[in-house]
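Data first, discussion second: the structure below is written as structure tokens.
The values are calculated or read from the model by the stated rules, or taken from the named source; none is laboratory data. A quick note: this is a predicted structure, and the numbers were derived from the prediction, not measured. Counting neighbours? That spans all protein chains shown, and the Cβs are built from the backbone with ideal geometry, glycine included. For the accessible areas, the whole protein counts, side chains as well, though only heavy atoms, and no ligand, DNA or RNA atoms are used. Shrake-Rupley method; radii C 1.70, N 1.55, O 1.52, S 1.80 Å.
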Amino acid sequence: MTKLTVNNEAIEYRLDPATPLLWALRDASNLTGAKYGCGTGACGACTVDVDGRAVRSCQVTIASVEGSFVTTIEGLSRDRAHPVQLAMLAENVVQCGYCIPGIVMAAAVLIKNDRDPSEAKIRQSITNLCRCGVYPRLVEAIQRAARVARGDETLAAGARPGIEPREAARGVPALAPRP
């Protein structure tokens, strides 16, 4: 039995210790935010925070992270108010969304460890692949998230979980239903 703390909850996985962390999270814990992309660690869609490090969860076994604290996109912020999440929305970064949880987690770890990352540091740290090509807006979003995390800037909270689409649309003129 492998013991971890996942999103601040003690978990005991009754799985083969060689099981990749990604599959334990997705299949046993039903935490599907981390995505299977390439299976080789190249794309970063499966990135999670393990003890303050951005880790490609398809590349580590549950045995290798036993005793660790793991945070997934689901545990980053229950109300979607983490600075990285808010900045990604404010900078209109998100497109299809498949890679975004991994990018958000990599950026959250970066900002946790460096409150004022340079553009070079961001480009060096965020190596996740995105087929939609969000890269031009990504650097500014992460710098903005860092400003929010430092308290130098504020961003309005996004739509709360469980909000009805019509209610959410009222706050976004382009989505407002036509009369």
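Tabulated data for the structure shown
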| quantity | calculated |
| --- | --- |
| Accessible heavy-atom area order of LYS121, LYS3, LYS35, highest first, probe of 1.4 Å | LYS3, LYS121, LYS35 |
| Per-residue SASA entry for ASP16, accessible area with 1.4 Å probe, Å² rounded to 10 | 100 Å² |
| Degrees separating the helix 100-113 axis from the principal Cα axis of the chain, which is the longest one | 80 degrees |
| Helix 135-150 vs. the chain, principal-axis angle (Cα, 0 to 90°, nearest 10) | 90 degrees |
| Accessible-area ranking of LEU31, LEU129, largest first, probe 1.4 Å | LEU129, LEU31 |
| Under Karplus coefficients 6.51, -1.76 and 1.60, residue-wise ³J(HN,Hα) of the range 20-34 in Hz, glycine/proline x | x, 3, 3, 6, 5, 5, 6, 8, 8, 9, 6, 9, 9, x, 6 |
| Table column - 3J(HN,Hα) (Hz), the range 82-90, Karplus curve with 6.51, -1.76, 1.60, x for Gly and Pro | 5, x, 5, 4, 5, 5, 4, 5, 4 |
| Solvent-accessible heavy-atom area per residue, rounded to whole Å², over the range 69-108 at 1.4 Å | 41 Å² |
| Contour minus Cα-Cα distance for ASP51 and GLN95 (0.36 nm per residue) | 13.0 nm |
| Segment ASP79-TYR36, extension gain: residue separation times 0.36 nm, minus the distance between their alpha carbons | 13.0 nm |
| Spin-label zone in the range 2-26 - amide nitrogen under 11 Å from a point set 7 Å from the Cα of PHE69 along the C-beta vector | 5-9 |
| Whole-Hz ³J(HN,Hα) from phi, Karplus 6.51 cos²θ - 1.76 cosθ + 1.60, for the range 9-17, glycine and proline x | 10, 5, 10, 10, 8, 9, 10, 4, x |
| Student exercise, the chain dipole from Lys, Arg, Asp, Glu Cβ charges, in Debye to nearest 20 | 420 debye |
| Solvent-accessible area, 1.4 Å probe, carbon plus sulfur percent, for the chain | 50 percent |
| Full-extension gain in nm, ALA157 to LYS121, via 0.36 nm per residue minus C-alpha separation | 10.3 nm |
| Taking the range 6-77 and dividing mean pair separation by its residue count, relative contact order in percent (alpha carbons under 8 Å, at least six apart) | 39 percent |
| Selection from SER57, THR127, VAL93 lying farthest towards where the dipole of the chain points positive, charges on Cβ | VAL93 |
